[in-house]
1. Can you work out which of the residues in region 147-179 that are in contact with a helix residue (DSSP H, G or I) (Cβ under 7 Å, 6 or more places away or on another chain), open to solvent by less than 20 Å² (accessible area, probe 1.4 Å) and in contact (Cβ under 8 Å) with a residue 60 or more places away in the chain is nearest to ILE122 (Cα to Cα)?
2. Could you list all residues from region 90-124 that are among the charged types (D, E, K, R) and closer than 12 Å to LYS161 by Cα?
Amino acid sequence: IKEPDSIYLRVGNLVHDALKEIITPGATRDEIRAALHDAGTREIAERLVSEKFQDASAWMRDLSVKYLDDMLRAVAALEAEREGNYTVRLLEESVDGPIEGMPFSGRFDRVDDVEGLGAVVIDYKVSGSVDKTYKTVLKKMEQNFWQIPVYAFMATFKDVKPAAFVYYALPPGDKSHAVGVQLAPGTKPAPIPLGTRQHLRYGPVDTSVIADAMARALGLHRSIVEGECRYERVEDTKFCPNCYFARICQRSRASI
């Protein structure tokens with residue numbers, strides 16, 4: 001589903017362009033930190049906005065430069081807080097392939113090899129909200145939030161078995177943070193600071209949660225492809241008018 005353009009999405013695309021210039025596959029932790037420190041993020045932001053936002057007004061370009069510079073500085077701050085030694089394995093890699101008949105097409109922002117842990121998928125989040133604690137990320141995953149399980153499976157197309165998934169949340173005008181889950185079993189070192197007892201940023205997820213989420217995603221895909229689309233009725237219909245599936249749902253339109 002194509003998302004409508006917004007300043008956040010457009011600047012978000014530039015974040016990927018900028019970081020691809022600054023960070024290279026094979027770079028170590030120290031090399032990444034040095035590159036981000038020495039890159040001249042303001043100059044990069046001004047150049048990219050000038051190249052890509054020629055149709056925007058002057059104030060929009062100025063605001064975009066500020067947002068982009070802030071986001072690049074936020075990435076540098078998150079990198080400085082990372083735990084352990086690591087190297088960049090993949091950067092801006094496209095992925096295509098089927099899982100049990102369901103086609104996937106996506107892109108990995110970045111995959112790091114972390115010493116003592118394994119492969120860690122890193123996803124830059126620049127639009128929308130990202131939960132600030134591990135528990136809320138896990139709760140969503142147990143419901144209908146499928147990005148982490150889907151990316152865990154997609155990584156196998158690149159011969160990568162992810163041990164963890166981490167979001168770099170870079171909200172414009174707000175404090176950045178990293179939050180993630182350990183996908184591998186056992187006791188492993190954390191790639192990001194754990195946080196406080198009340199607001200843990202990182203923790204383990206049971207493999208059954210991943211498997212269950214993928215099973216539900218596959219079931220939904222088959223339901224749409226096969227024309228079933230039988231969704232359970234619920235008492236609370238306040239969200240129905242904005243539901244992505246309203247046009248194909250078997251519910252009575254009168255209830256919507």
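1. TYR168
2. Quick first cut of region 90-124, residues among the charged types (D, E, K, R) only: 92-93, 96, 100, 107, 109-110, 112-113, 115, 123.
Within region 90-124, ASP112, ASP113 meet the criteria.
The values are calculated or read from the model by the stated rules, or taken from the named source; none is laboratory data. Note that this is a predicted model, so its numbers are computed, not measured. Quick reminder, even Gly has a Cβ in these numbers, built from the backbone with ideal geometry, and neighbours come from all protein chains shown. Just the protein is used for accessible areas: all its heavy atoms, side chains included, with ligands, DNA and RNA removed. Shrake-Rupley method; radii C 1.70, N 1.55, O 1.52, S 1.80 Å.
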